[in-house]
Amino acid sequence: MSRNLSEGLTLAAATGPSWRTRLGILRRILFRDLSTAVGITVIVLFVLVALLAPVLMTDDPWAINRRPNGTIARLDPPSRAHWLGTTDLGRDIYSQVVVGSRAALLVGFLAALMTTVVGTSVAVIAGYFGGWVDDLLMRVVDFAYAVPFVPFVIILVSLLKPSLANVIIAIALLYWRSSARVIRAQVLSLRERPYIKAARVAGAGPWRIIYHHITPNILPLAMLYMAIGVGWAIITESSVSFLGLGDPLVISWGSMLNLAFTTGAMQRAWWWVLPPGFSIILLVVATFLVGRSVEEYANPRLRGEV
Amino acid sequence: MRVRYLLRRILQLALTMWLVATIVFLMFRLIPGDPTSTLVDPTFPASLRAEILHRFGLDRPLHEQYLTYLARAVRGDFGWSFYYNSPVVEIVGDMIINTLLLALATFFLTYLFGILGGVVLAWKHGTPVDSVGSLVPLVFRAAPVFWTGMLFLMVFSYRLDWFPHAGIRTAGYAATNLFQKYVSLDFLWHLLLPAVVSTLYYMGLPMLLVRNAMLENFGEEYVEFARARGMSEARVMFRHVLRNALLPVVTSAAVFLGLALGGQIVVEYTFSWPGLGREIVMATQRRDYPVAQAMFLLLAVGVGLMNLMADMVYGYLDPRVRLQ
């Protein structure tokens, strides 16, 4: 009995924390403090809004509405018929804000997922194998850092064809650089830990070590970059759309602001400018709050446990 | 030692720029379908089309085009703008100055108010001032900078009419020389809104850096000693703690200029500031690709130079970096 226990402990010490204990700590941290709970709640609410958009919308967001007297409802302020007023073409702004959450979440999560997967893979391969592989991959990272981010995204998107998919691809092509550099540093230090060396001596192949021993340990850091990445991708997408280079067939918060800006309606139609902006801020702050608590998890010093 | 390090970094920069130029070259030829259709109106007759392609050298094999492109880019020849109908070189001069001036103004305001704000937050640590004050940069960081810009335009330009809503100088304002063009009240008046808006966006980083670095210093003996000597709290904060907390801030400041140059696009567009960033957007919208290409390369060179400068500053402050 006690022999089994001590064997178990040795084993635990030898393999580092398992996936399960890691996820347990993560859950504890995520729901511990208020700001994280607020962040998660806001994100969940936006996901619900995006999923239930057809139910929540009061109007077709593209429809040109008319006033009771038959004229087009141009730039009507908020009213019972149009909760957040109308655009210069009489389109319902509330419905546009609701449907705009889809583009934001889609770009945010897909782009962040892609950047994190690419960045983490590059980091793990470079950090674990070292040598010329590491040199080569890190030069690629240096090079990616030399390319100005927003200009690259807008030019690539406009060259390929303005669409949400191309915005996601353009963001992912460059943004993986930051996670790759930081996570590689972490892998470098992990590689020298006793339990990794033990695994290697025991005959575990490189891919097995990477999957079972390295990846669980860099997961929190990868999730931190994912959380930050969601916010950044949302801001980047809205910037691209604001600059008039987004998908013309998709309503996003950025494209709404682009129209309010280029038509000059922003001079008086505050109801057209404020709602999309507040939506972006709310969603992005929420991802930052979640990111901050993941950071506490990734960096035990902030947790006060080490 | 230092000279060799500098030379190596310059060589690295040149290599990187060559790679960026290559990527740009390939990118602009990636356009699905016939890339020349964006250059020549497809309704033109075939002979005229061939004539135009020939004049721009687009009928030659790709590797030849690439070599000509590189050779010209090195000499600063970025080709011909379809929109302005003039050499690209002739239109970039003023834009470089405009972009640099806005970036510099942003830089000074960001670090001035960022550091001051950080001191206040650290000083009032644990009070509502700190918790609310730490949240403000977060919100401005999450707000797209063009949206903050639009709010400022709505309030200070359209409603209150205190500031102009676009451009760099009042229409009809004639400067007699370059100096007067930029050192004038009219220019400052146009500069203020865009500079303040980008400052609000960037300020959070130095602010939180200063705050955290100062908090780490609070437990040090020299702080207690300074207090014990009966110094005023302000003096303790500014003369002693801040001084020791500044190193990470200086390092981040060096990196910042490169960041501000590359991130300028959206602010310039919102305030119709005639700089490189806005021109990239306009040229892309107009499909004036030679201009977009040139602006992109110039921005990349600018960012590269700033990062080189950052490395130099960093190497000077922390000699261990040089030895690697």
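Where a number appears in this text, it was derived from the coordinates with a stated rule and is not lab data. If you're wondering where the values come from, they're calculated on a predicted model, not measured in any experiment. For neighbour counting, all protein chains shown are included, and Cβ atoms are generated from backbone atoms with ideal geometry for every residue, glycine included.
Divide the volume of the convex hull of the Cα atoms of chain B by its number of residues and quote the answer in cubic angstrom per residue. List each step's numbers first, then the result.
Values: hull volume 65.0 nm³, N = 324.
Value for chain B: 201 Å³ per residue.
Rounded, prolate or oblate: pick one for the protein assembly as shown, where a ≥ b ≥ c are the square roots of the eigenvalues of its C-alpha gyration tensor, a/c under 1.5 means rounded, and failing that, prolate if a/b is larger than b/c, else oblate. Walk me through the numbers before you get to the answer.
Numbers: a/c = 1.36, a/b = 1.26, b/c = 1.08.
Since a/c stays below 1.5, the shape of the protein assembly as shown is classed as rounded.
B:Thr127 to B:Ile97: FRET efficiency via 1/(1 + (r/R0)^6), r the Cβ-Cβ distance, R0 45 Å, to the nearest 0.05?
Values: r = 44 Å, r/R0 = 0.98.
Using R0 = 45 Å, I get an efficiency of 0.55.
So how much slack lies between A:Leu282 and A:Arg139, counting 0.36 nm per residue of separation and subtracting their Cα-Cα distance, in nm?
Numbers: separation 143, 0.36 × 143 = 51.48 nm, distance 3.69 nm.
Answer, rounded to one decimal: 47.8 nm.
Net charge near A:Ile155: determine it from the other residues with C-beta under 15 Å of the C-beta of A:Ile155, scoring Lys and Arg +1 and Asp and Glu -1. Display every interim value, and only then the final one.
Numbers: positive: A:Lys161, B:Arg29, B:Arg278, B:Arg286, B:Arg287; negative: B:Glu279, B:Asp288.
Charge balance in the 15 Å sphere: +3.
Pop the C-beta distance of A:Ser163 and B:Glu220 into the FRET formula with R0 = 51 Å and round what comes out to the nearest 0.05. Could you put the intermediate results ahead of the total?
Values: r = 55 Å, r/R0 = 1.09.
According to the calculation, E is roughly 0.40.
From the Cα gyration tensor of the range A:202-306, with a ≥ b ≥ c the square roots of its eigenvalues, which class applies: rounded if a/c is under 1.5, or else prolate if a/b is larger than b/c, or else oblate?
Working: a/c = 6.10, a/b = 2.34, b/c = 2.60.
Oblate, since a/c reaches 1.5 and b/c is not below a/b.
Using a Gaussian network model on chain B with a 10 Å cutoff between Cα atoms, which of B:Ser47, B:Ser272, B:Ser157 fluctuates the most?
With Cα springs under 10 Å in chain B, the top fluctuation among B:Ser47, B:Ser272, B:Ser157 is at B:Ser47.
GNM on chain A, C-alpha springs below 10 Å: top fluctuator among A:Gly90, A:Gly277, A:Gly24?
A:Gly24
What percentage of all Cα-Cα pairs in the range B:244-299 are separated by more than 17 Å? Display every interim value, and only then the final one.
Numbers: 710 of 1540 pairs.
It works out to 46 percent of all Cα pairs.
Gap in Å between the Cα centre of the range B:240-283 and the Cα centre of the range B:78-101?
With the range B:78-101 and the range B:240-283 each reduced to a Cα centre, they are spaced 21 Å.
Suppose the chain between B:Ala234 and B:Ser134 were pulled fully straight at 0.36 nm per residue; how much longer would it get relative to their current alpha carbon spacing?
Values: separation 100, 0.36 × 100 = 36.00 nm, distance 2.02 nm.
Computed gain between B:Ala234 and B:Ser134 is 34.0 nm.
With a sphere of radius 14 Å drawn around the Cβ of A:Pro206, what net charge do the other residues whose Cβ falls strictly inside it have (Lys, Arg +1; Asp, Glu -1)?
Details: positive: A:Arg191, A:Lys197, A:Arg200, A:Arg208; negative: A:Asp134.
Cβ neighbours under 14 Å give a net charge of +3.
Please work out whether the range A:126-221 counts as rounded, prolate or oblate from its C-alpha gyration tensor, where a ≥ b ≥ c are the square roots of the eigenvalues and a/c under 1.5 means rounded, while otherwise a/b larger than b/c means prolate and anything else oblate?
It comes out prolate by the Cα gyration axes.
Where in chain B are the DSSP H helices whose C-alpha atoms run 24 Å or more along the long axis and whose mean Kyte hydropathy is at least 1.0? Before the final figure, lay out each step's value.
Working: long enough: B:2-28 (39 Å, 1.34); B:88-123 (52 Å, 1.91); B:185-202 (25 Å, 1.25); B:242-262 (30 Å, 1.60); B:289-317 (42 Å, 1.38).
The qualifying helices are B:2-28, B:88-123, B:185-202, B:242-262, B:289-317.
As an exercise, use a Förster radius of 25 Å and the Cβ-Cβ distance of B:Ala71 and B:Leu6 to find the FRET efficiency, rounded to the nearest 0.05. Before the final figure, lay out the partial values.
Numbers: r = 27 Å, r/R0 = 1.07.
Efficiency computed from Cβ-Cβ geometry: 0.40.
Per-residue ellipticity at 222 nm for the protein assembly as shown, helices alone: DSSP H runs ≥ 4 residues times -39500 (n - 2.57), over residue total, nearest 500 deg cm²/dmol? Kindly include the intermediate steps, with their values, before the conclusion.
Details: 29 runs with 449 residues, N = 630.
After summing the helix terms and dividing by the residues of the protein assembly as shown, the value is -23500 deg cm²/dmol.
Report relative contact order for chain B in percent, whole number only (criteria: Cα-Cα under 8 Å, sequence separation at least 6). Mind dumping the intermediate values first?
Numbers: 312 pairs, mean separation 82.1, N = 324.
Relative contact order here is 25 percent.
Mind checking which of A:Arg177, A:Arg292, A:Arg200 has the largest fluctuation in a GNM of chain A, springs on alpha carbons under 10 Å?
A:Arg200
Grab the other residues whose beta carbon is less than 14 angstrom from that of B:Met207, score K and R as +1, D and E as -1, and report the net. Present the calculation step by step, with values, prior to reporting the outcome.
Values: positive: B:Lys124, B:Arg141, B:Arg211; negative: B:Asp130.
Charge balance near B:Met207 sits at +2.
If a helix is a whole DSSP H run, which ones in chain A reach 15 Å or further along their own axis (Cα) and hold a mean Kyte-Doolittle hydropathy of at least 1.0?
On the way: long enough: A:2-15 (20 Å, 0.14); A:19-30 (16 Å, 0.03); A:34-51 (25 Å, 2.72); A:93-129 (53 Å, 1.61); A:131-146 (23 Å, 0.68); A:149-160 (17 Å, 3.02); A:164-191 (38 Å, 1.04); A:215-242 (39 Å, 1.17); A:270-298 (41 Å, 1.12).
Length and hydropathy pass: A:34-51, A:93-129, A:149-160, A:164-191, A:215-242, A:270-298.
Whole angstrom only: what separates the Cα centroid of the range A:234-275 from the Cα centroid of the range A:149-181?
For the range A:234-275 versus the range A:149-181, the Cα centre distance is 19 Å.
Under 15 Å from a point placed 7 Å out from the Cα of A:Asp33 along the Cα-to-Cβ direction: which residues of the range B:189-226 have their backbone N that close?
Residues passing the 15 Å test: B:212.
Of B:Trp189, B:Phe108, B:Tyr201, which is farthest on the positive side of the dipole of chain B, counting Cα position, with +1 on Lys and Arg Cβ, -1 on Asp and Glu Cβ, and the Cα centre as origin?
Checked the options; the winner is B:Phe108.
Once label points are set 7 Å from the Cα along Cα→Cβ at both A:Ser121 and A:Arg67, what is their separation, rounded to one decimal in nm?
Between A:Ser121 and A:Arg67, the label points sit 5.7 nm apart.
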